[in-house]
Structures are given as structure tokens and as C-alpha cells.
Amino acid sequence: MTTLDQIEWQRVLWDISESGVLSITLNRPERLNAVSFRTLREVQWLVDHAASDPDVRVVTLRGSGTRAFCTGDDMKGMNPEPGVDDFHVHRRLITSIREIPKPVVALVYGWALGHGFELACACDFRLCADNIEVGDHRVTRSIGMIGGSSWFLPRIVGIARALDLIWTGRVFNAQEALEMGYVSSVVPHDRLLDEVGEYARQLARQPAVAVQLSKQLLYRSLEGGLTAALDATQLAYLITRGPEPWLQA
């Protein structure tokens with residue numbers, strides 16, 4: 001089986017800390033971290049590794065530098081490798097980010113546009129610098145959304161606000177993002193990396209099974225009713241605490 005050290009990394013930087021935080025960095029600052037097929041594949045490899053490696057407890061995703069998280073697809077470098085890449089590469093990665101049972105935190109600096117905006121939406125939550133300008137302008141250019149923002153955004157900010165943002169294609173700043181609940185906190189850009197690092201280490205110190213189960217329970221609750229949610233939480237309790245006599249029918 002190929003290990004991470006055996007891969008020739010071209011578009012992404014990564015590091016796994018002693019505390020179990022896998023840090024993924026989109027490394028194309030000269031293109032404001034716009035993504036190519038190769039970039040998406042490299043992030044996919046890392047997310048897949050995080051899902052299967054018990055030593056990885058938290059994943060963070062950011063762009064290189066402080067000018068941009070990701071400005072979307074690189075239209076000048078989005079060349080698929082024959083027999084390797086296809087149109088569904090976006091979908092596979094977005095699905096993997098959402099389905100991994102471990103916390104995934106986006107560190108958002110500067111611009112997050114188009115598919116970059118969708119990558120940030122797919123993460124469990126977003127911590128941002130005070131210099132962000134984020135949004136999805138593709139509808140205004142007759143370009144369809146292919147990376148899940150139609151599903152994520154209404155769940156993050158509400159349907160009315162999501163429609164307004166998508167239809168107008170406007171970008172919004174850090175204060176607006178905080179007020180509408182798109183981000184969890186706003187930090188001065190020169191302190192974001194340190195503060196998120198400490199927060200990620202705090203998450204990594206939590207009981208891994210309980211964290212992973214709670215993530216699955218919270219997301220499932222968005223799709224089902226109260227009875228199903230209570231049934232799922234009872235099962236999660238049994239997994240974390242073991243069978244108790246009063247729970248036995």
C-alpha cells in the first residue's frame with residue numbers, strides 16, 4: 001500500500017502533528033490557490049488517509065499564504081489526466097470531506113470563491129481571518145454549481161439568505177459572515193494560524209469515538225425526525241458507555 005511519503009506532492013502541503021492534527025494546505029499561492037484536477041486528487045488522498053488512520057483525530061484545510069483560501073477552479077490549469085480524472089472529481093472530494101467522521105476545520109484567509117467557497121462550506125465549520133471576501137458568483141455567469149453549495153449553504157445560513165447570495169453572486173466580508181453564521185469566529189489574520197492550531201489541538205484531545213459519533217448524530221438529525229434521532233443517540237450511548245441494565249428491554 002502506498003504511504004503518504006511515497007507520493008510526489010505537487011499542489012498540496014501536509015503535516016501530521018504529534019497531537020493528531022492533519023494540516024492540509026492548498027499550495028498554489030501564485031494562482032491564489034485555485035484548484036486543478038491534481039490539487040483535488042491530492043486533497044482526496046489526504047482525506048482518505050485521515051479517514052482510515054486512527055492517529056489522525058482532526059483535519060484542517062487552508063490555502064497557502066493569507067491572500068486567499070481558494071479562488072475556485074484554475075481555468076488555465078484544469079487539465080484532466082486521461083484515464084485518471086473525470087467530471088466527478090469535485091463530487092467525490094466534497095462527499096469525502098462531509099462523510100469523514102472526524103472534525104474538519106477550514107481556515108479561511110482572503111478570497112474564497114466558486115469551488116473554493118464550496119470547499120469551505122463542506123468543512124464542519126469555518127474559522128476566518130478578518131480579511132475574508134467570500135461568495136459564489138457562478139450563477140451570474142451562467143455557470144452551474146457542482147460542488148454542493150446548493151445543499152450546504154441553506155443549512156448554514158438559511159434558505160432566504162442562501163438564495164440572495166447565490167442569485168446576486170455578491171461576496172461578503174468577515175463581519176457579515178459572522179453575523180449570518182457562515183463562520184464560527186473572526187480572528188486577526190496574523191493570529192489565525194496560532195489560534196486555530198490551539199483549537200485543533202483541543203479538539204484532538206477529546207475522546208475520539210465520542211467526537212466521531214456526535215458528528216454523525218448531529219448531521220443525521222438534519223435529515224430525520226426526533227424519534228430517529230433519539231434511537232441513534234441511545235445506540236451511541238451504548239457504544240461509548242457499554243450496556244447498562246436500565247437500558248435493556
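The values are calculated or read from the model by the stated rules, or taken from the named source; none is laboratory data. Just so we're clear, the structure is a prediction, and the values are computed from it rather than from any experiment. Cβ sites come from the backbone with ideal geometry, for glycine too, and all protein chains shown count toward neighbours. Note: accessible area is taken over every heavy atom of the protein model, side chains too, but ligands, DNA and RNA are not part of it. Shrake-Rupley method; radii C 1.70, N 1.55, O 1.52, S 1.80 Å.
Of A120, A112, A129, A106, which residue is touching a His at 6+ places or on another chain (Cβ under 7 Å) and of a type in the set (A, V, I, L, M)?
Numbers: A120 fails: touching a His at 6+ places or on another chain (Cβ under 7 Å); A112 fails: touching a His at 6+ places or on another chain (Cβ under 7 Å); A106 fails: touching a His at 6+ places or on another chain (Cβ under 7 Å).
That would be A129, the only listed residue that is touching a His at 6+ places or on another chain (Cβ under 7 Å) and of a type in the set (A, V, I, L, M).
Could you list, in sequence order, the residues of region 52-73 that are β-branched (V, I, T) and out of contact with any Lys or Arg (no Cβ under 8 Å at 6 or more places or on another chain)?
T60, T66
Of all residues in region 114-125, which are at pLDDT below 95 and open to solvent by 10 Å² or more (accessible area, probe 1.4 Å)?
F125
Can you tell me how many residues within region 134-175 are under 20 Å from the mean Cα position of the chain (by Cα) and over 21 Å from R91 (Cα atoms)?
Within region 134-175, residues that are under 20 Å from the mean Cα position of the chain (by Cα) and over 21 Å from R91 (Cα atoms) number 7.
Could you grab me the full set of residues in region 208-228 that are surrounded by 11 or more Cβ atoms within 10 Å (Cβ to Cβ) and assigned to a loop (DSSP other than H, G, I, E, B)? Full working, then the answer.
Going residue by residue through region 208-228, those that are surrounded by 11 or more Cβ atoms within 10 Å (Cβ to Cβ) are 208-221, 224, 228.
Within region 208-228, just G224 meets the criteria.
I'm trying to understand the selection: among the residues of region 126-137, which are in contact with a Leu (Cβ under 9 Å, 6 or more places away or on another chain) and open to solvent by 20 Å² or more (accessible area, probe 1.4 Å)?
If the condition is that a residue be in contact with a Leu (Cβ under 9 Å, 6 or more places away or on another chain) and open to solvent by 20 Å² or more (accessible area, probe 1.4 Å), then D130, E133, H137 are the ones that fit.
Within region 84-113, count every residue that is assigned to a loop (DSSP other than H, G, I, E, B), closer than 16 Å to V47 by Cα, open to solvent by less than 20 Å² (accessible area, probe 1.4 Å) and not basic (K, R).
The total comes to 2.
Take V89 and tell me if it is among the β-branched types (V, I, T), within 16 Å of the chain's Cα centre (by Cα) and at pLDDT 95 or above.
When the stated conditions are applied, V89 does not pass them.
Could you check how many residues of region 3-52 are buried (at least 21 other Cβ atoms within 10 Å of the Cβ) and of a type in the set (D, E)?
Qualifying residue count, region 3-52: 1.
If we scan region 198-206, do we find a residue that is surrounded by fewer than 17 Cβ atoms within 10 Å (Cβ to Cβ) and of a type in the set (G, A, S)?
No: zero hits.
Mind checking which residues of region 178-194 are within 19 Å of T60 (Cα to Cα) and either polar (S, T, N, Q) or assigned to a helix (DSSP H, G or I) (or both)?
Listed by number, the residues that qualify are S184, S185, L192, L193, D194.
Working only within region 156-184, note down all residues that are open to solvent by 40 Å² or more (accessible area, probe 1.4 Å), touching a strand residue (DSSP E or B) at 6+ places or on another chain (Cβ under 8 Å) and more than 22 Å from V139 (Cα to Cα).
Scanning region 156-184 gives Q175, L178, S184.
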